[in-house]
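Here's the structure, in structure tokens; my notes come after.
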Amino acid sequence: MMNLNIPILVLLGSAALAVSMYFTRSVLIQRVLAVLHISTLAFFTVHEFGSLNQIESVYLKADAMAVLFLAVLTIIGACAYFYSFIYTKQRGDAPQRAASHHAALILFLTMLAGVYVSRHIGMVWAFLEASTLTAALLIYHNRTKHSIEATWKYVFVCSIGIAIAFAGILVLSIAGESKEVHDLSFEILTKNAHLMDPKWLKISFLFMLTGFSVKMGVVPLFNVDIDAKDGGPSHVAALLSSVLMIAGFVAIYRVYSVFSTTSIRHWMDTVLMICGILSIVFATGYILKTKNLKRLLAYSSLEHAGIVLIAIATGAWYAAVLHVILHAFAKSAMFFQYAHFFRLFKNKNLDTKSNYIQTHPWGAGVFVLGVIALCALPPMGTFMSELYTFQYLLAGPFWWTAPVIFILMAVLVWAIGSHFFGILYNKNEAEAHPTSHLSNRVMNWETLPQYILLLAVLWLGFLAPHSVIDFINNAAHL
Amino acid sequence: MISVMILLFVITLVYIAVSDRLVSMVRLLSLQGVLLFVVAILELHKVDALNFGFIIAETLLVKGVVLPYLLFRTIKKNKLERETNLTVSPILSLIIVSGFVFGSFLMGFTLHDHHIKVGYFTASVSALLTGLFIVVARQKIVTHVMGYLVLENGIFLLSLAVGNEMPLAVNTAILLDLLSSVLLLAFLVDAVGKTFKTTDVHELNELTD
């Protein structure tokens, strides 16, 4: 019989909140339930911080990485609820439809919390799979042609990806069994991985990397991620680009951590480098080609996920963890602001002549700061995380890849910068009139979450105290 | 006896890959569910009541009855009969899937490990590859779902070959995953059919750059 401890209570409590949300028709009560859920996540984060590295409910354990990502999940989750309520109100969704969307949001965030705190590879898989199903409900919300196509592709490819990842877990199990290792928890695997047959470990790693890549949004299975972000609501795209990408990162990083004690370490680094560089190549190609602002943001996530893989492969683990957090904050801020932009101009074309800098200066400010963060320019924190990554890259065995990566990144800075420059300054009388009837004051207030997130990107990179840096270092420790 | 069942399973794989009648494909999938049940019963001698329940639910009930029923319903509802515009001819499919079986056998033989039987390994890797082949080579959305199910069957077979038991939560997740994914996919096949007026994957191209 499983003890009713805090993680189980959080899971059960969130399930109860989701059920209540589903049956609630009053918007006020829906908001109260959302606040309760965020409070639950915040409480869970604080509790896990207090009981660091203690095993709970057999299969769960919060290490520094889990606590760090739970904090990020709580912050971005709160912003997503804020935008979700604005979104359903703006669209005039029926209370039933809004309720089911918010209920799916509760379940989605809870499943991701489960991924972060799992200490068993099977449980990571189970929570990730559950996150696919809840994400599908979120992407499907609009029931338009775009959202149906995106949901179909997402569910289908994720199901295949996650099945392949499970095959990887089974192969790992075969490798473990031959050495009498029957427990697939990360601690036991880390202790015994060096005893296992490297060829089974290689097959297992390839399967798991392929399967989990769909969650992290990197090569090989990144395509459906882009479509899901384009076809779903913007606050859902923000979550997919941030906290779901982190979940995929957690799965890949923990597996990498287990296998890093074995002889296949250098081989894994090479595989991760290939996937990382290919992700940046695809991102560059598509960003140059795309005419769609939302897809541009999605492709930029592909680029940053590629950088994170390169950071892991080069041994810049602190930079990898820092970058995945900073990107989560910056990209979710950009997607939230995109929602704002779309509400004003009802257009997601990159050649929209919005003259945004004048029509909505506060929103334009978010775009400016966001672009600086996405291009990893100072004073944004992403500059620091990429700097650390490239220091390790140049000092390590893959230094010869640096010129290619630098050229691609320079092209990306130019492409992203010029696209946003057009949005900010291009003027056309016919298109420059915003379609929203909201007062400027309300619109300005709504940019507050984005500024807070971007401030966090600046603070974490340049101004974070030693205690925070030590904690991130601790989280990145293999 | 197990070898015979595994051989039958491999033969169904070849038939599924070659067949273009959707109803026959579903029948073969249902047969695979039953075969997996028999293999599981023969393989797992010391299985507790709970795990036994899971195996019956997953193989006989879900793979043998519920999923085929859902697929039949979807095929009927969307008035589908056979896979048209086959990009890979049946003969070529036969050669490719036979190649998968042969390759998997060679791979199992080369990786020789006394903890995994070559028969299981060959059948499960062949099913994995055949599932992916069906997804890549066929055009109907519902056929893609069937490809996914063939892949899932391969993974189930691989899990039988592995002695390590997964936590209860993982077993539950596998079962729920299979059921809910197919429910969701069947629902989406209908939704795509209604909205796009098509049952071909290649016509789902609204989301482009």
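Worth pointing out:
- Across the range B:104-121, the qualifying residues are those that are away from chain A (no Cβ under 14 Å) and within 20 Å of the chain's Cα centre (by Cα), and the one among them that is farthest from B:Ser159 (Cα to Cα) is B:Phe105.
- Test: residue in the range A:301-315 that is surrounded by fewer than 24 Cβ atoms within 10 Å (Cβ to Cβ) and assigned to a helix (DSSP H, G or I): no
- Where helices (runs of 4 or more DSSP H) fall wholly inside the range A:197-300, the ranges with 3 or more residues that are of a type outside the set (Val, Ile, Thr) and under 22 Å from A:Leu184 (Cβ atoms) are A:198-216, A:245-259, A:265-289.
- Screening A:Gly315, A:Gly306 for residues that are in the same structural domain as A:Val457 (by TED's automatic domain parsing), in contact with a helix residue (DSSP H, G or I) (Cβ under 7 Å, 6 or more places away or on another chain) and at positive phi leaves exactly one candidate, A:Gly315.
- Residue, surrounded by the most Cβ atoms within 10 Å (Cβ to Cβ), within the range A:363-386, restricted to residues that are assigned to a loop (DSSP other than H, G, I, E, B) and either among the aliphatic types (A, V, I, L, M) or under 21 Å from the mean Cα position of the chain (by Cα) (or both): A:Ala376
- Boolean, B:Ala137 is buried (at least 22 other Cβ atoms within 10 Å of the Cβ) and among the hydrophobic types (A, V, I, L, M, F, W, C): no
- Considering the conditions (1) modelled with pLDDT under 95; (2) within 14 Å of chain B (Cβ to nearest Cβ), A:Ala94 is excluded by exactly one of them, (2).
- Leading residue by the ranking (farthest from the other protein chains (Cβ to nearest Cβ)) among those in the range A:226-239 that are under 12 Å from the mean Cα position of the chain (by Cα) and under 19 Å from A:Lys291 (Cβ atoms): A:Ala237
- Look at the range B:8-23: where a residue is touching a residue at least 12 places away in the same chain (Cβ under 8 Å) and a partner is among the aromatic types (Phe, Trp, Tyr), sitting 6+ places away or on another chain with Cβ atoms under 7 Å, you get B:Ala17/B:Phe133.
- Residues of the range A:18-32 classified as among the hydrophobic types (A, V, I, L, M, F, W, C) and buried (at least 21 other Cβ atoms within 10 Å of the Cβ), total: 2
- Hey, A:Tyr286 within 13 Å of chain B (Cβ to nearest Cβ), surrounded by 23 or more Cβ atoms within 10 Å (Cβ to Cβ) and either more than 24 Å from A:Trp399 (Cβ to Cβ) or not acidic (Asp, Glu) (or both) or not: no
- Residue check for A:Phe222: within 11 Å of chain B (Cβ to nearest Cβ) and not polar (S, T, N, Q): no
- Of all residues in the range A:153-196 being in a helix (DSSP H, G or I), free of Cβ contacts under 8 Å to residues at least 24 places away in the same chain and more than 17 Å from A:Gly217 (Cα to Cα), the one that is farthest from the other protein chains (Cβ to nearest Cβ): A:Lys191
- Search result, residues across the range A:135-152 that are of a type outside the set (D, E, K, R), within 10 Å of chain B (Cβ to nearest Cβ) and assigned to a helix (DSSP H, G or I): A:Ala136, A:Leu137, A:Tyr140, A:His146, A:Ser147, A:Ile148, A:Ala150, A:Thr151, A:Trp152
- Residue match in the range A:36-53 (condition: at pLDDT below 95 and of a type in the set (Val, Ile, Thr)): no
- Which listed residue is farther than 23 Å from A:Phe462 by Cβ, of a type outside the set (Ser, Thr, Tyr) and in contact (Cβ under 8 Å) with a residue 40 or more places away in the chain, from A:Ala373, A:Ala313, A:Ala330: A:Ala313
- A:Ile121 being in contact (Cβ under 8 Å) with a residue 60 or more places away in the chain and within 26 Å of A:Val224 (Cα to Cα): yes
- Qualifying residue in the range A:343-356 (condition: crowded, with 24+ Cβ neighbours inside 10 Å and assigned to a helix (DSSP H, G or I)): yes
- Here the range B:183-200 is the region considered, the condition is being more than 9 Å from chain A (Cβ to nearest Cβ) and touching a residue at least 60 places away in the same chain (Cβ under 8 Å), and the residue that is farthest from the chain's Cα centre (by Cα) is B:Gly193.
- Filter pass, A:His360 being in contact (Cβ under 8 Å) with a residue 24 or more places away in the chain, closer than 18 Å to A:Leu239 by Cβ, buried (at least 24 other Cβ atoms within 10 Å of the Cβ) and out of contact with any Leu (no Cβ under 6 Å at 6 or more places or on another chain): no
- Within the range B:35-90, the residues that satisfy the criterion of being in contact with a Ser or Thr (Cβ under 7 Å, 6 or more places away or on another chain) and touching a residue at least 40 places away in the same chain (Cβ under 8 Å) are B:Leu36, B:Ala40, B:Pro68, B:Asn78, B:Leu80, B:Glu83.
- Test: A:Thr134 is within 19 Å of A:Ser242 (Cβ to Cβ), without any contact (Cβ under 8 Å) to a residue 60 or more places away in the chain and of a type outside the set (Asp, Glu): yes
Yes or no, residue by residue, for (1) over 21 Å from B:Arg73 (Cα atoms); (2) modelled with pLDDT under 90:
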| site | (1), (2) |
| --- | --- |
| B:Thr130 | yes, no |
| B:Ile141 | no, yes |
| B:Gly147 | no, no |
| B:Leu151 | yes, no |
| B:Leu176 | no, yes |
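- For the range A:244-260, the criterion of being farther than 30 Å from A:Pro397 by Cβ, touching a residue at least 40 places away in the same chain (Cβ under 8 Å) and touching a Gly at 6+ places or on another chain (Cβ under 9 Å) is met by at least one residue.
For every residue, the table says whether it meets (1) hydrophobic (A, V, I, L, M, F, W, C); (2) farther than 26 Å from A:Phe342 by Cβ; (3) in contact with a strand residue (DSSP E or B) (Cβ under 7 Å, 6 or more places away or on another chain).
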residue	(1), (2), (3)
A:His194	no, yes, no
A:Leu201	yes, yes, no
A:Leu206	yes, yes, no
A:Phe212	yes, yes, no
A:Gly217	no, no, no
A:Val224	yes, no, no
A:Gly231	no, no, no
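The values are calculated or read from the model by the stated rules, or taken from the named source; none is laboratory data. The model shown is predicted, which means the values in this text are computed figures rather than measured ones. Note: ideal-geometry Cβ built from the backbone for every residue, glycine included; neighbour counts use all protein chains shown.
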